[in-house]
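The values are calculated or read from the model by the stated rules, or taken from the named source; none is laboratory data. The shown structure was predicted, so the numbers you read here are calculated from the model rather than taken from an experiment. Here the Cβ positions follow ideal geometry from the backbone for every residue, glycine too, while neighbour counts run over all protein chains shown.
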Amino acid sequence: MNVRYRAAAGLAGLAMAVSACAGGGGETTQSDPQQSQQAQQQMAETPSISINPVAYEQVKDGGTLTLAIGQWPTQWNGNHVDGNQADTATMLDPIMPQLMMADENAEFTPNADYLTDVKSDMSSGKQVVTYTINDKAQWSDGTPMTWKDLETTWKAQNGENDKFKASSTDGWDKIESVEKGDSDKVAVITFDKPYSEWQGLFNRGTSHLFPAEHMATPEAYENDYLQKIPATAGPFKVEKIDEGTKTLTLVRDENWWGQKAKLDKLIFRAIDSPTAEVNAFANGELDAAYIESGSPADLKRAKEVPNAEIRKALSPNWRHITVNNQSEFLKDKSVRQAVQYAINRDVITQSDLKDMEWPLQTLGNHVFMNNHKAYVDNSGDLGKYNLEKSKQLLEAAGWKQDGEYRKKDGKEFALEFVIPTGTPVAQTEGELTQAMLKEAGIKLTIRPVPLDKFFNDFIIKGDFDLVPFSWIGTPLPLGSMPQIYKTGSESNFPNASDPAVDAAIQAAVDETDPAKAIELANAADKLVWDMVHTIPLYQRPDIWAVKKTVANFGARGYAYYDWTAIGFTA
């Protein structure tokens, strides 16, 4: 399950035995320094993008590309917390506007299909960003795209009206005004505080731009894109949403004013498990398949498919375990820390990535990925497996060993590990965590739930104690901090709250000096580790099996796809 916040040569596998979870007392199991050095070298050799780049003119005109997604959405409004899913964003990319585009180096440039000019100016003493919208840009119902679309999005997302269930208010809450410029096609955005990651607004980094008409009221925001897509503005348009088969079919939009899409048709099918997706690819039903971590058999099978290749890249995506700070047994921070000490992150990482031909490196940061220039391992003592320390904290909190498990006031310490059905990597993570916590005297029950309900009915509603999933990051990492960790954010799924964390995050995102912002972000990350909001595991592999004839698609890393150039070479 991936939540957005949202051809390389095969890497030599590091043979690492996944140790059993045994080992009592103060014994710890950590990565061997030599193995860590090998992992770092592997990471340095992994490309930042692998999509089989082919010039637009050399891509064949026509054809149908069929892809899979994991979770079928009900909410197609990507601004809404229920629409904040990576799969949803992927399906919206070909049909909804992205005002700024990122490349593999995380550099942003204006999307000429929607903007003819963008300026960020500080001469007035405040940051003023002026977007000049392409005169040809319009919505599929014929309504011109104007400054009002930007203004309405801001008003829905800035947090002033909590009836709008925004996935994140970050950035939007720094905007003082959105005003009409010299014409309806000019939007002048004034920030009351400088916002260094403003390029992430109005694209998949936050959400695509939506029409003002459908964002103007909480009712429209909630309902207009619920199980339907009433208006689009991209190289493709919706031909059919089939709720029965959970399939989205897109076709070229004849009213598209930009570069003509190479593909005739684009089909997204919901497939309920990673292995089923690889099987569909092997059977010729799909043109590409995403290879999940912890699925070496899927990777092996995909590599054996004729006329296919494996494309890999480093990306801003990461795997973790979210810890519900408000569940009955986890409200006490020292108890959450005991749980973290009892979980051997190295063992889970090695299990998930073993035989995946991917660097076996545990992640020590909630903000920056291992390959990011700002990365520092902030995990400290808490990031190390320490069963004895775990037991000490539990004893001090009143949880006494009573038979197989601990009890307090006659109540057994029992947690639930919620996983989506049909996801082997989550099942294995649950089993490993279950065995580890048992050694600390904590009972853990693995609770499989339907994949299509996993996000909306369990993660968002806080119906879990521990839950594993992946955050799909953006090229602008600071924006994730208030979205995921700040008190009151709709995407703060553990419902964690710490004024010190909030203040540290605010200091980081308010800082305009890049070097200082990185320093402050890493300081905030140390506090996030301390409150045990999320237990990072590893930077998630971005591995795709793709037909060799598919151009400009695959492991995109930090880059955004150009859907007009995706197609076939033969």
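Quick notes
- Residues of the stretch 230-272 classified as crowded, with 19+ Cβ neighbours inside 10 Å and assigned to a loop (DSSP other than H, G, I, E, B), total: 12
- Test for residue 376: is it surrounded by fewer than 20 Cβ atoms within 10 Å (Cβ to Cβ) and either farther than 23 Å from residue 338 by Cβ or within 20 Å of the chain's Cα centre (by Cα) (or both): yes
- Number of residues in the stretch 216-248 that are out of contact with any Lys or Arg (no Cβ under 9 Å at 6 or more places or on another chain) and acidic (Asp, Glu) equals 3.
- Within the stretch 86-115, being part of a strand (DSSP E or B) and either touching a Ser or Thr at 6+ places or on another chain (Cβ under 9 Å) or surrounded by 20 or more Cβ atoms within 10 Å (Cβ to Cβ) (or both) holds for 100, 101, 102, 108, 110, 115.
- Flag if residue 535 is of a type in the set (A, V, I, L, M), modelled with pLDDT of 95 or more and assigned to a helix (DSSP H, G or I): no
- If the condition is being touching a helix residue (DSSP H, G or I) at 6+ places or on another chain (Cβ under 8 Å) and either modelled with pLDDT of 95 or more or surrounded by 22 or more Cβ atoms within 10 Å (Cβ to Cβ) (or both), then the stretch 456-468 contributes 463, 464, 466, 467, 468.
- Pick from the stretch 373-419, criterion of a type in the set (Phe, Trp, Tyr) and in a loop (DSSP other than H, G, I, E, B), ranking: modelled with the lowest pLDDT: 375
- Subset of the stretch 437-493 [hydrophobic (A, V, I, L, M, F, W, C) and assigned to a helix (DSSP H, G or I)]: 437, 451, 454, 455, 458, 459, 478, 481, 484
- Of all residues assigned to the stretch 509-527, none qualifies as being assigned to a loop (DSSP other than H, G, I, E, B) and either touching a Cys at 6+ places or on another chain (Cβ under 8 Å) or modelled with pLDDT of 95 or more (or both).
- Condition check for residue 524: among the aliphatic types (A, V, I, L, M), under 24 Å from residue 321 (Cα atoms) and surrounded by 23 or more Cβ atoms within 10 Å (Cβ to Cβ): yes
- Among the residues of the stretch 200-239, not one is among the acidic types (Asp, Glu), within 26 Å of residue 479 (Cα to Cα) and more than 24 Å from the chain's Cα centre (by Cα).
- Within the stretch 172-187, being surrounded by 19 or more Cβ atoms within 10 Å (Cβ to Cβ) and either closer than 19 Å to residue 135 by Cα or over 25 Å from the mean Cα position of the chain (by Cα) (or both) holds for 178, 185, 187.
- Verdict on residue 141 being over 29 Å from residue 517 (Cα atoms) and within 27 Å of the chain's Cα centre (by Cα): no
- Answer residue from the stretch 288-316, given it is surrounded by fewer than 21 Cβ atoms within 10 Å (Cβ to Cβ) and either of a type in the set (D, E, K, R) or touching an Asp or Glu at 6+ places or on another chain (Cβ under 7 Å) (or both) and is nearest to residue 353 (Cα to Cα) among those: 296
- Among (1) surrounded by fewer than 24 Cβ atoms within 10 Å (Cβ to Cβ); (2) in the same structural domain as residue 384 (by TED's automatic domain parsing) - the single one residue 562 does not satisfy: (2)
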